[in-house]
1. Filter the stretch 165-178 for residues that are part of a helix (DSSP H, G or I) and within 13 Å of the ligand (Cβ to nearest atom) and give the result.
2. Is it true that residue 31 is closer than 30 Å to residue 169 by Cβ, over 18 Å from the mean Cα position of the chain (by Cα) and either at pLDDT 95 or above or surrounded by fewer than 17 Cβ atoms within 10 Å (Cβ to Cβ) (or both)?
3. Out of the residues in the stretch 17-34 that are assigned to a helix (DSSP H, G or I) and closer than 20 Å to residue 189 by Cβ, state the one that is farthest from the ligand (Cβ to nearest atom).
4. Taking the criterion of being within 16 Å of the ligand (Cβ to nearest atom) and touching a helix residue (DSSP H, G or I) at 6+ places or on another chain (Cβ under 7 Å), would at least one residue in the stretch 182-193 satisfy it?
5. Suppose we keep only residues that are touching a residue at least 40 places away in the same chain (Cβ under 8 Å) and crowded, with 17+ Cβ neighbours inside 10 Å within the stretch 1-14. Which one would you say is nearest to the chain's Cα centre (by Cα)?
6. Can you find a residue in the stretch 153-164 that is touching a residue at least 24 places away in the same chain (Cβ under 8 Å), more than 16 Å from the ligand (Cβ to nearest atom), in contact with a strand residue (DSSP E or B) (Cβ under 9 Å, 6 or more places away or on another chain) and not in a loop (DSSP other than H, G, I, E, B)?
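The values are calculated or read from the model by the stated rules, or taken from the named source; none is laboratory data. Computed from a prediction, not measured in an experiment: that's the story for all the values here. Cβ placement follows ideal geometry from the backbone for every residue including glycine, while neighbour counts extend to all protein chains displayed.
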Ligand code: HXC
């Protein structure tokens, strides 16, 4: 399927999705959301695809936010009646069980920062800048920023960023655990794709289960999370890939995965 606002290509078992509105610093309008939901659903459904990378086109921005020009004249009741922004969580995050990485190549502001934080983890270019500047527009984060940023960097930094709109550079983002790693901009895509290939080479069912377990740490008490972890471990123990993985280790050879 061809899209207007994103580019999608597959490289072996890795799907690369690129936000492609560089003239608007990859601002996220409704078309981008619809196309991303479609592309992520296709990734999820394709059994040959085992990890995805989301990045922005151009060297300046991952995404500079929700599209301000689209929102400027939108009546408030429409935001409410359409439950505007709900699709990001309900149709993109929740339905994507397979792993995906955000490769942040520049500004990740407002909805752009929020979209990056929806990924399983972020790899940032040294030029990346993160921020929730919505307050300057008279609003506030609407796609998860107040919740995910606070969980990632803690209340003090999240509150300061939301109240002042200041940006965090890549170094601070790494020190604050917002991103997994920082790499030179020139190496970003190659690094992210290589990391995705590593994930794609793992037993696929175990990848989904590992993702579910780590995410559960945000949603449950420690006791419930530990139980969830043990139960999923026990489910994996029944898989053909567990038998193969342990046999391959003993036989000193790479495992050959069935994904079940
Ligand atoms: C629409 C955008 C945009 C956005 C940039 N552009 N950000 N268009 N929505 N979020 C457009 C500009 O209008 C301009 O187009 C072109 O991209 C280049 O941007 P410039 O501003 O000329 O670039 P520069 O001077 O380098 O400044 C870069 C920037 C700045 C610092 C990133 O663009 C900026 O502050 N953008 C807005 C960031 C922001 O506030 N994001 C949060 C949005 S609200 P033209 O055609 O004029 O040349 C949000 C959640 C909302 O995300 C939730 C509400 C409920």
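1. Within the stretch 165-178, the first condition is being part of a helix (DSSP H, G or I), and the residues that meet it are 170-175.
Those that are part of a helix (DSSP H, G or I) and within 13 Å of the ligand (Cβ to nearest atom): none in the stretch 165-178.
2. Numbers: closer than 30 Å to residue 169 by Cβ: no; over 18 Å from the mean Cα position of the chain (by Cα): yes; either at pLDDT 95 or above or surrounded by fewer than 17 Cβ atoms within 10 Å (Cβ to Cβ) (or both): yes.
When the stated conditions are applied, residue 31 does not pass them.
3. From the stretch 17-34, those assigned to a helix (DSSP H, G or I) are 22-24, 30-34; that's our starting set.
Those left that are additionally closer than 20 Å to residue 189 by Cβ: 22, 32.
Values: 22: 9, 32: 11 Å.
So the residue we want is 32.
4. no
5. Residues of the stretch 1-14 that are touching a residue at least 40 places away in the same chain (Cβ under 8 Å), as a first pass: 1, 7, 11-14.
If we keep only those that are crowded, with 17+ Cβ neighbours inside 10 Å too, we end up with 13-14.
Details: 13: 18, 14: 14 Å.
Top of the filtered list is 14.
6. Within the stretch 153-164, one or more residues are touching a residue at least 24 places away in the same chain (Cβ under 8 Å), more than 16 Å from the ligand (Cβ to nearest atom), in contact with a strand residue (DSSP E or B) (Cβ under 9 Å, 6 or more places away or on another chain) and not in a loop (DSSP other than H, G, I, E, B).
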